[in-house]
1. Restricting to region 10-21, what's the tally of residues that are at pLDDT 80 or above and open to solvent by less than 60 Å² (accessible area, probe 1.4 Å)?
2. How many residues, within region 228-243, are of a type outside the set (Gly, Ala, Ser) and under 27 Å from the mean Cα position of the chain (by Cα)?
3. Answer yes or no as to whether Arg90 is open to solvent by 50 Å² or more (accessible area, probe 1.4 Å) and at pLDDT 70 or above.
4. Do we have Leu202 as in a strand (DSSP E or B), closer than 30 Å to Glu306 by Cα and open to solvent by less than 60 Å² (accessible area, probe 1.4 Å) here?
5. Give Glu299, Glu289, Glu279 a once-over and let me know the one that is out of contact with any helix residue (DSSP H, G or I) (no Cβ under 9 Å at 6 or more places or on another chain) and modelled with pLDDT of 95 or more.
6. Do we find that Asp68 is modelled with pLDDT of 75 or more, acidic (Asp, Glu) and touching a Leu at 6+ places or on another chain (Cβ under 9 Å) in this structure?
Amino acid sequence: MRADRLVATLLLMQARGRVTAAEVAHELEVSVATARRDLEALSTAGIPVYPQPGRGGGWSLVGGARTDLTGLTASEAQALFLLVGSSSRRSADATSALRKLVRALPATFRAEAEAAGRAVLVDPVGWGSAARSRQPWVEDLQGAVVRRRQVTLVYSGRSGESERTVDPWALVDKGDLWYLVAGTPAGRRTFRLDRIAGLSVLDTPAPRPDDLDVAGIWESVVDEAEQQRSRVTATVLTTPFLARVVRDQFGRHATVLGPDDDGRVRLEVASHTARSVAEKLAGFGAAVEVLEPASVRDELGVLGAELVARYVGGRR
């Protein structure tokens, strides 16, 4: 749109002080004639720009006038570039936006903002983990959320695949898994994007509550999910070193209770079933002792018996 180009042209002049039509054309990817018309349009509209003919000339803001359209302070600009510039998977659009924002910043902010964008690199892949590709429906759903359009999902749930038409409200990126928060005839629902087998964006408007609180909704979703994941709690003893490893294994479902009389550390760990708790602890062998409940101890015994039957005196 021409209005976008005019603003971009003005920001470019603000950043450089003086520009030629050829420089504007190169930066904004338009013809030199179009760039010249845009510069003339700014002058006609009352913006204090003027041309200086001849060698070394160009278009300048009268008296060095400035129009800080970003409104950012120096610390805000640095914070923005630290946040967005650090991502190793930054999209082409985000890269382009940052480049334009650099040109829009006052010269005194620009160098530090650019340095902030290069100061931190975020590698989202854990040690020993494979890189996960971005789920294919993210862009389509982002567009549907922004434009408020209904979508039809082919969704793989516990009872198989089903087709559902929903009102997309928001997307959530949690630990490299994406979720769609949506309105349905049965109320608010949450869908995992990696379980979507098909997606169609419709032309039908998608209603959205005026008081929609996505952060509050997601907090309740997380609380409910974590409660389901911590139905069975076990008390265990292990060495101080392994206590850290066990805590990392169970994440928020591990609580360090403190040192025991024999120098070991007492912890509470939880998962959705006794079998799940046992499976997570079995790899530590006898280095982790389960004090209670009996259900987890029994499951560890079953696991141990299964391993003995398979690997001790069993088939080779």
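1. So the answer is 3.
2. Of all residues in region 228-243, those of a type outside the set (Gly, Ala, Ser) come to 228-229, 231-233, 235-242.
With the extra rule that they be under 27 Å from the mean Cα position of the chain (by Cα), the set shrinks to 228-229.
Selection size over region 228-243: 2.
3. no
4. On the way: in a strand (DSSP E or B): yes; closer than 30 Å to Glu306 by Cα: no; open to solvent by less than 60 Å² (accessible area, probe 1.4 Å): yes.
No: the conditions fail for Leu202.
5. When all the criteria are applied, what remains is Glu289.
6. In short, no.
The values are calculated or read from the model by the stated rules, or taken from the named source; none is laboratory data. Because the structure is a prediction, the values reported are computed rather than measured. Every residue, glycine as well, gets a Cβ built from its backbone with ideal geometry; the counts of neighbours run over all protein chains shown. When the accessible area is computed, the model is the full protein with side chains, heavy atoms only, and any ligands, DNA or RNA have been set aside. Shrake-Rupley method; radii C 1.70, N 1.55, O 1.52, S 1.80 Å.
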